[in-house]
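Structure first, then comments.
Read-outs throughout are calculated quantities, based only on the coordinates presented, and are distinct from any laboratory measurement. Being a predicted model, the structure only gives us computed values, none of them experimental. All Cβ positions, glycine included, derive from the backbone under ideal geometry; neighbour counts span all protein chains shown.
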2 protein chains.
Amino acid sequence: MSWRHPRAPFAEIFGLDYYRRLAESAERAKLDAIFVADHVAIWDSVESGVAHYANARLEPLTLLTALSAVTKHIGLIATASSSYYEPYNLARLFASLDHVSNGRAAWNVVTSAMDEEALNFGRDGNIEHGFRYARAGEFLDIATALWDSWEDDAVLIDKETGYFADPDRVHRVDHTGQHFRVRGPLNVPRPPQGHPLIVQAGSSEAGKNLATRYADVHFAIIRSNEDGLRYRADINARLKKFGREPESFKILPGILPIVASSADEATEKQAFLDTLLPDRVAIDLLSSWAGLDLSAYPPDGPLPALPDESTFNGGRTSLNRVKDWTEQNLSIREIARKLANTGSVHPVTGTPSQIADQLEAWFVTGAVDGYNLMFPLLPEDWVNFAEQVVPELQRRGLFRQEYEPGTLRDRLGLPRPANRFATARDTHRAAS
Amino acid sequence: MSWRHPRAPFAEIFGLDYYRRLAESAERAKLDAIFVADHVAIWDSVESGVAHYANARLEPLTLLTALSAVTKHIGLIATASSSYYEPYNLARLFASLDHVSNGRAAWNVVTSAMDEEALNFGRDGNIEHGFRYARAGEFLDIATALWDSWEDDAVLIDKETGYFADPDRVHRVDHTGQHFRVRGPLNVPRPPQGHPLIVQAGSSEAGKNLATRYADVHFAIIRSNEDGLRYRADINARLKKFGREPESFKILPGILPIVASSADEATEKQAFLDTLLPDRVAIDLLSSWAGLDLSAYPPDGPLPALPDESTFNGGRTSLNRVKDWTEQNLSIREIARKLANTGSVHPVTGTPSQIADQLEAWFVTGAVDGYNLMFPLLPEDWVNFAEQVVPELQRRGLFRQEYEPGTLRDRLGLPRPANRFATARDTHRAAS
């Protein structure tokens, strides 16, 4: 509800200029990437959703593709749903963005947990959790195969001989699976990054397995250094099962940094944001996230029993967050306000130096590889962070002063994926 | 095959800069719009397709969205398939492009006639012609309803009262049809143009009916002034059936302008382009377009009997073009070369003044409303046109000197669509 803040933007959130200024400022601060979250529906299962919630938004691929033309270095992480897109179309959109941005495209794969989303795509309600994740895995198998379908040297444009492409280096993918049949090849040459960067944020069992199997970057929920170290150990064990090295996978917890010159100022800032959120909206949000209708329960009483995670088809990450709070004996109203204010994002408040201390602490122990910064109030909280915290991190040698050349993968130290078709041929040759 | 021309571009066709320069030049010439064609497959049913044909390309929405950030006035016409997209996703992409471009988005609706396309989307081969067009109509019903689902004044962002939107002005579309079920509302506010401009190019019966029912702009095949006047009469009769005025619909034939200082130079230019096209590729193309395997027929003999249009599921426009040529007793080789060189596009060659004469002739009689310019050799043929023909048209008062303010619809003199939900409420109020 921070859209109600006096210094929050108005309808300029539906035009390009507002985001162009934010992106330019993020690029001046040398950030790795811009991330745009998404849903493929408006949240309207409860009445207050349409009225009070900032439901309308620009589609992320559109926004980030437009920004690719007015930025040079910064990565572009667009959220898109593996449950409600066709693999050929989405693989093509990301391959094309990777080309026009010179290797800066990243796909945050989401499986879409809302009933409202399912209803926009011919379904009666949300699809089963396991089904969504199985489809996501198959979707990623196809997308990565399509990105490989043109080998790196397949395009010849040999005007003398008339060969536009080398037919031996352009491949059908001939996928037939549970969810899709896709022949290929893609009609876009291999992306500069080989595969656009894959990001996954699921923290359920299925989510962590999908992430460690396919993703390069993982948005995680981490609340302490110990928590982070434990989480990384769990992740590393999963990576090993998939034959991957820990270095090929970056863990970035979401944090909510609020720069304040004193503890009092930070409390005041939060208290003011709190006044912008009607209880009704917070409780409606909690109803949606927890899969319960709470409208008839007393707001100051306890939450009724939550659904069982193993059969819950909504977002299990949020469900577990709520479960943690119920164990702290918080009321419906208190849990609802916590959820609405920060979701599952860890707040980091203080002076620039105190914030830098906290960011440094988790980073130097290896608990995290970086952070997914989220701000309650844009552009103000971001500008404060960029002007005050970034220079402090640079002084400490924890953050770059200038962009390194190369693609987003290069910058993050992530390998460019080998091409499965070229690898298969080389293996075949070596064997024969 | 003009990619083989010594002055044709190389791999820069997969980056943004090449198109940015073309777009900037088109904007300097004050053109209405840039149009990007598309297929959702590579043409590989015949072997020569992959080897010799410029199959790989950037996805049009990506390319035009990136260009929207570096241009200010020019319209952006992206091709997208109603057979292989989900309405919610595509309506959202075009709505978002219309927002970031301040009302310059246009959708060229295609139904995708190639077998290769069907195979990338879980089908065994191309879907039946009538089915494709029925789906396109239903797709457009949904897309336009989704664009209306937020009324123009639905977004409030009223920080005082906490109303982000007026729930009475945000509507579900609740569509249940033969091909789709979509609940809505869209999660993007109404596009600046109301609906992004709709373009349709089908010249079959089904194509012309789809165009006159839903489209604002029609890419047509017109070969003479008389042909154009006949075509418009046919179109006007169809518009009337759908309750539309002739002025609400713009007919733009495709033309292939080649500036040459003499008839000899024009012939020479064409002859040189001809040398770049191997017979084999031309005949393979003809095989695909006509739905016949011609590889075993003597190239200098006649075409075998063509499929019947009424049961042909490929592109009927090309089929009819081929049919016209067989009636002129041309050989397979001759027809193939004609098809490959200009497709169904009318060539207009001569000096700048001669080309202007021809463009003026069809325009002043009302046979056409403008032209869809296609060039055999980019950027050269376009640059010649921009520098030599555009000034001549401006001198004659046939073409603008400066952009008028407003959206693409405004510039083309096309009305902004009324919002069906607002209209329904007003009608209800007036009646009660």
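If you place +1 on the Cβ of every Lys and Arg, -1 on the Cβ of every Asp and Glu, and leave all else neutral, what size is the dipole of chain B about its Cα centre, to the nearest 20 Debye? Spell out each step's value before the answer.
Values: 46 positive and 58 negative charges, 182 e Å.
The calculation lands at about 880 debye.
Taking the Cα atoms only, what angle lies between the long axis of helix B:225-241 and the longest principal axis of chain B, rounded to 10 degrees?
Once rounded, one gets 30 degrees.
Could you put B:LYS241, B:LYS338 in order, starting from the residue whose Cβ has the fewest other Cβ atoms within 10 Å?
B:LYS241, B:LYS338
If I take every Cα pair under 8 Å that is 6 or more residues apart in the stretch A:196-259, average their sequence separation and divide by the length, what percent do I get for the relative contact order? If you can, show how the numbers build up before the last one.
Working: 77 pairs, mean separation 21.8, N = 64.
Result for the stretch A:196-259 is 34 percent.
Can you find, among B:MET374, B:LEU140, B:SER310, the residue sitting farthest towards the positive end of the charge dipole of chain B, where Lys and Arg contribute +1 and Asp and Glu -1 at Cβ?
B:LEU140
For the stretch A:307-432, state the semi-axes of the equivalent ellipsoid (square roots of 5 times the eigenvalues of the alpha-carbon gyration tensor), sorted largest first and rounded to whole angstrom.
Values: eigenvalues 277, 163, 32 Å².
They are 37, 29, 13 Å, listed from largest to smallest.
Between B:ARG395 and B:ARG28, what's the calculated FRET efficiency when r is the beta-carbon distance and R0 is 22 Å? Round to 0.05.
Details: r = 17 Å, r/R0 = 0.76.
My answer for the efficiency is 0.85.
For the stretch A:1-118, what value does the Rg/Rh ratio take when both radii are computed over Cα atoms and Rh is the Kirkwood radius, given to two decimals? Kindly include the intermediate steps, with their values, before the conclusion.
Numbers: Rg = 15.4 Å, Rh = 15.5 Å.
When Rh is taken as the Kirkwood radius, the ratio is 0.99.
For each of B:MET1, B:MET114, count neighbouring Cβ atoms within 10 Å of the residue's Cβ, then give the residues from fewest to most. Please report the intermediate quantities before stating the final value.
Numbers: B:MET1 23, B:MET114 20.
Ordered by Cβ neighbours within 10 Å, fewest first: B:MET114, B:MET1.
Hey, what angle do you get for helix B:263-275 against the long axis of chain B, alpha-carbon based, 0 to 90 degrees rounded to 10?
It is inclined by approximately 90 degrees.
From the mean inverse distance of alpha carbon pairs (Kirkwood) and the Cα radius of gyration, derive Rg over Rh for the stretch A:225-317. Please report the intermediate quantities before stating the final value.
Numbers: Rg = 19.4 Å, Rh = 17.6 Å.
On the Cα set of the stretch A:225-317, Rg over Rh gives 1.10.
How high is the FRET efficiency between A:GLU160 and A:ARG425 when r is their beta carbon distance and R₀ equals 35 Å, given to the nearest 0.05?
Details: r = 25 Å, r/R0 = 0.73.
Efficiency, from the Cβ-Cβ distance: 0.85.
Once you average over the residues of A:89-101, how many Cβ atoms of partner chains fall within 10 Å of each Cβ?
The per-residue average across the peptide is 6.
I'm checking a number: the convex hull volume of the Cα atoms of the protein assembly as shown, normalised per residue, in Å³. What is it? Numbers along the way, then the final one.
Numbers: hull volume 154.6 nm³, N = 864.
Output value, Cα hull per residue: 179 Å³.
Normalized C-alpha radius of gyration of chain B, against 2.2 N^0.38 Å?
Values: Rg = 22.5 Å, N = 432, 2.2 N^0.38 = 22.1 Å.
So the Cα radius of gyration is 1.02 times the expected 2.2 N^0.38 Å.
Can you give the Kirkwood hydrodynamic radius of the stretch A:264-342 from its Cα pairs, in Å with one decimal?
On the way: mean 1/r = 0.0767 Å⁻¹.
With all distinct Cα pairs of the stretch A:264-342 included, I get 13.0 Å.
Of the peptides A:68-81, B:345-358, how do they stack up when ordered by the mean number of other Cβ atoms within 10 Å, highest first?
Numbers: A:68-81: 21.6, B:345-358: 18.2.
Those peptides, ordered most packed to least, come out A:68-81, B:345-358.
With only alpha-carbon atoms in the gyration tensor, what are the semi-axes of the equivalent ellipsoid for the stretch B:361-403, in Å, largest first?
On the way: eigenvalues 79, 42, 14 Å².
Working from the Cα gyration tensor, I get semi-axes of 20, 14, 8 Å.
What Kirkwood Rh does the stretch B:325-392 have if only Cα atoms enter the pairwise 1/r average? Answer in Å. Walk me through the numbers before you get to the answer.
Details: mean 1/r = 0.0721 Å⁻¹.
It works out to 13.9 Å.
If we count every other residue with Cβ under 13 angstrom of B:ASP17's Cβ, Lys/Arg +1 and Asp/Glu -1, where does the sum land?
On the way: positive: A:LYS72, B:ARG20, B:ARG21; negative: B:GLU12, B:GLU24.
Cβ neighbours under 13 Å give a net charge of +1.
Shortest first, in nm, what separates the label point of B:PRO302 from those of the same position in the other copies (7 Å along Cα→Cβ)?
Inter-copy label distances (nm, one decimal, shortest first): 9.0.
Beyond 12 Å, what share of the Cα-Cα pairs of the stretch B:124-187 remains, rounded to the nearest whole percent? Working shown, then result.
On the way: 1449 of 2016 pairs.
The share of Cα pairs beyond 12 Å in the stretch B:124-187 comes to 72 percent.
Going by alpha carbons, how many degrees (0 to 90, nearest 10) lie between the helix axis of A:87-100 and the longest principal axis of chain A?
90 degrees
Quote the relative contact order of the stretch A:1-116 in percent (integer), defining contacts as alpha-carbon pairs under 8 Å separated by 6+ residues.
On the way: 131 pairs, mean separation 31.7, N = 116.
Value for the stretch A:1-116: 27 percent.
Distances from A:ALA271 to the same position in the other copies: list them in nm, one decimal, shortest first, using label points 7 Å from Cα along Cα→Cβ.
8.9
Could you put B:ASP274, A:ASP264 in order, starting from the residue whose Cβ has the fewest other Cβ atoms within 10 Å?
Numbers: B:ASP274 13, A:ASP264 9.
Ascending Cβ contact count within 10 Å gives the list A:ASP264, B:ASP274.
Within the stretch A:149-183, name every residue whose backbone N is under 15 Å away from a label modeled 7 Å from Cα of A:ALA418 along the Cβ vector.
Residues A:152 fall inside that zone.
Just add up the charged neighbours of A:ALA336: K/R +1, D/E -1, any other residue whose Cβ is under 9 Å from the Cβ of A:ALA336.
Within the 9 Å Cβ shell, the charges total 0.
At a Cα cut-off below 25 Å, give the lysines reachable from A:LYS208, other chains included and same-chain residues fewer than 8 away excluded.
Of all the lysines, those that pass the test against A:LYS208 - Cα under 25 Å, at least 8 places apart if same chain - are A:LYS240, A:LYS241, A:LYS250, A:LYS323, A:LYS338.
Quick one: label points 7 angstrom along Cα→Cβ at B:ARG7, distances to the other copies in nm, smallest first?
So the distances to the same position in the other copies read 5.7 nm.
Report the relative contact order of the stretch B:264-342, percent, no decimals, based on alpha-carbon pairs under 8 angstrom and at least 6 residues apart. Walk me through the numbers before you get to the answer.
Values: 70 pairs, mean separation 31.4, N = 79.
Relative contact order of the stretch B:264-342: 40 percent.
Could you sort the peptides A:327-334, B:313-320 by per-residue average Cβ neighbour count (10 Å cutoff), highest mean leading? Write out the running numbers ahead of the final one.
Working: A:327-334: 14.4, B:313-320: 19.6.
Top to bottom by mean Cβ count within 10 Å: B:313-320, A:327-334.
Hey, how many Å between the Cα centroid of the stretch A:135-168 and the Cα centroid of the stretch B:1-65?
17 Å
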